[in-house]
1. For helix 113-129, report the angle its Cα long axis makes with the longest principal axis of the Cα atoms of the chain; keep it between 0 and 90° and round to the nearest 10°.
2. From the phi of every residue in segment 170-185, what ³J(HN,Hα) in whole Hz does the Karplus formula 6.51 cos²θ - 1.76 cosθ + 1.60 yield, where θ is phi - 60° and glycine or proline is x?
3. Taking θ as phi - 60°, what are the ³J(HN,Hα) couplings along segment 359-364 by the Karplus curve (6.51, -1.76, 1.60), each to the nearest whole Hz, with x for Gly and Pro?
4. Over all distinct alpha-carbon pairs, what is the Kirkwood Rh of segment 159-290 in angstrom?
5. Please sort 286-295, 309-318 by packing, taking for each peptide the average over its residues of neighbouring beta carbons within 10 angstrom, highest first.
6. Which value, in debye to the nearest 20, gives the size of the charge dipole of the chain about its Cα centre, when Lys and Arg are +1 and Asp and Glu are -1 at the Cβ?
7. As a check on your grasp of the helix formula, calculate [θ] at 222 nm for the chain: sum -39500 (n - 2.57) over DSSP H runs of n ≥ 4, divide by the residue count, round to the nearest 500.
8. Long-range amide H contacts for F195: which residues qualify at under 5 Å (H placed 1.01 Å from N, peptide plane, sequence gap of 5 or more or a different chain)?
Amino acid sequence: MQINAVAIVDSTLREGEQFAYAAFSTADRLAIAEALDAFGVDYIEVTSPCASPQTEADLRAIAALPLHHARILTHTRCVLDDVRRAVDCGVAGVNLLFGTSDLLRTHSHGRSVAQIIEQAASVIDFLRTQHVEVRFSCEDAFRTPLPDLLRIYQAVDALGVQRVGIADTVGIATPRAVEHIVGAVRGAVRCAIEFHGHNDGGCAVANAYAALEAGATYIDTTILGIGERVGITPLSGLIARLYLSDPALVARYAIDQLAALDQMLAERLGIEVPFNACITSATAFTHKAGLHAKAVLAEPATYEVLNPSVFGRDRSVLIGHRLTGRRALAARAAELDLHLSEAELGAVTARLKQAADLRPLSLDEVDALLRAAAPQAA
Ligand code: HCA
Ligand code: CU
């Protein structure tokens, strides 16, 4: 199915707080909410006010921020006391969740499917009187029997929720499983569908994309993908995937701010932006092998499907290493206004490779070799 609409529910301030190294201060939480809003995410999900007194105070402060785009949600258990407190904090919506797999029903809360629906009904009935958006999510949906899932989703849909959430809590789903389950839910409910996917099997972006193709419109992300264990769909990975399919899908987001957003969070966490983060990693637009460098210098699209300038990034071509080639050196010589014959280029390339077999060379060292090789070198 073609993807026509996407809304981002960023959960850096909820799922992301469940990342082992996350312990956000009030200032961190406010700055992250403001940065996400400036980027343009549609929703920001914040930890339940029941978590701690400071969390409740921070949720109130975030809900009171004068934001431009984002609506503030909080994530609570499907319990009346929790949602009353959530609404009192001034949120625009409440994201409810209930464990529905046999494992969670047996070992976590001990409720039957009928009891889950009964409890959901009382909570949703109350929330509907409060004029807030309601999302109801089945936790561990991919290990929940499909008939149970459909029964629960149809019941909450009939109760008037805005969205149902399908959570791959343990990161077990494949894109095909996502297509199957989301497609089945799409055929069973009228409301919108949200997908939340963990990355334990390395499929979080692929699964989010498959969910959109199968009829979901809301995707949960976090900055850098942080969350429980190895986290969930990273914002930058989702943006990259969507942009590649159709730039119009992400046109309303400030995609040139993505690298700064990832960097800001990495600094607050005391970690590096992962080397393999789409768009935002230090090496996302760095080309190395001689054949790649040669082609990219002639036409960047040969080995680049995302144009770095769209994302406020620069392309770079590494030359001080043993995999380098003479075209990369020729391009550098031209930048330095040095005129080398093909024979001189061949000789300096050989010299560089020999030196780089011992260790990579800095650009200054490469330039020194080129200058030494050029006849008119001063
Ligand atoms: C959690 C579980 C959750 C919820 C997702 C959702 C998951 O940590 O509370 O509400 O849709 O992965 O199932 O993050
Ligand atoms: Cu999760």
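Bear in mind these aren't lab numbers, they're just calculated from the coordinates by the rules spelled out. In this text the structure is predicted, and so the values were computed from the model without any measurement. Note that we place each Cβ from the backbone using ideal geometry, even for glycine, and neighbour counts take in every protein chain shown.
1. Once rounded, one gets 90 degrees.
2. 9, x, 9, 6, 9, x, 5, 5, 5, 4, 5, 6, 5, x, 5, 5
3. For segment 359-364, the Karplus-derived couplings read 6, x, 9, 6, 4, 4 Hz, x marking Gly and Pro.
4. Details: mean 1/r = 0.0642 Å⁻¹.
Every distinct Cα pair counted, the radius reaches 15.6 Å.
5. Ranked by mean Cβ neighbours within 10 Å, highest first: 286-295, 309-318.
6. It works out to roughly 580 debye.
7. -12500 deg cm²/dmol
8. Amide H neighbours of F195, under 5 Å, 5+ apart: I166, Y218, I219, D220.
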